[in-house]
Amino acid sequence: MRRSTLYVLLALLGFGGMSASSVGPRCTEPKDEGEEGEEGKAKLLKYFYDPRLQYCVPFFYKGEGGNSNRFDSDKDCVKACSPKTAEIYPDEDEVCSLPKDEGACFAILPMYYYDNKEKICRMFLYGGCRGNGNRFGSREDCQNLCLARSGRLLGAADLPNPDEKTVDAGLIVGVLGGIVFAGAVISAIVVFVLQKKSKKAKRKPVPTSDIEMK
């Protein structure tokens, strides 16, 4: 019994190691933000594959240089590097069968997914990384792929949009969240500076010339 358990563990470890080693050399290069170009500092959203985490991570590219572990989208990165490509981004309309996945990271991006139960495209807020292929930048893109699959594309324009008000609310939440975060950071800096000045004032030595000699 113990031997069989040991063999199972070794097999699992061997499988995991084989998956990691099967990643191409391009995907094992470290994140490289590149260098600033002559036109100044650029911030281009890109993705790199982290073999330790085994998923693609967003970063800002400066515009020039860097290495080949840099992709324009999470999908391109996963297809080039991840052993879970078929699971995360299956071919064609198979993505419509995947469950909604809000992903990870801390962004608030309005996206759409196909709801298999309601048979319509719904809005959700995407975190900015990970997730799966059932994610579209617009309701129309979602309908063009997933409603065509179910033969309902011709009547897509007449379908009610239950998220019409939610889209505006999602954008407002994203903007307000950014403002609140920026305000909190600025407030913390101001408080820190004032406290530092107050401490310096308390510790300021009295000049000897001001002491009255008796």
Item to check | Residues of the stretch 94-127 that turn out to be surrounded by fewer than 15 Cβ atoms within 10 Å (Cβ to Cβ), among the acidic types (Asp, Glu) and farther than 25 Å from residue 54 by Cα, as a count | outcome: 1
Next on the checklist: Suppose we keep only residues that are over 21 Å from residue 84 (Cβ atoms) and touching a strand residue (DSSP E or B) at 6+ places or on another chain (Cβ under 8 Å) within the stretch 128-144. Which one would you say is surrounded by the most Cβ atoms within 10 Å (Cβ to Cβ)?
Outcome noted: 142
Checklist outcome for this item: When residue 118 is run through (1) under 30 Å from residue 164 (Cβ atoms); (2) among the charged types (D, E, K, R); (3) out of contact with any Cys (no Cβ under 7 Å at 6 or more places or on another chain); (4) assigned to a helix (DSSP H, G or I), the failure sits at (4)
Item to check | Qualifying residue in the stretch 93-104 (condition: within 30 Å of residue 124 (Cβ to Cβ), out of contact with any Pro (no Cβ under 6 Å at 6 or more places or on another chain), part of a strand (DSSP E or B) and assigned by TED's automatic domain parsing to the domain that holds residue 148) | outcome: yes
Next on the checklist: Looking only at the stretch 51-93, filter to residues that are surrounded by fewer than 15 Cβ atoms within 10 Å (Cβ to Cβ) and among the small types (Gly, Ala, Ser); which one of those is nearest to residue 149 (Cα to Cα)?
Outcome noted: 86
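The values are calculated or read from the model by the stated rules, or taken from the named source; none is laboratory data. Here the structure is a predicted model, which is why all the values come from computation and not from measurement. Please note: Cβ atoms are built from the backbone with ideal geometry, for glycine as well, and neighbour counts cover all protein chains shown.
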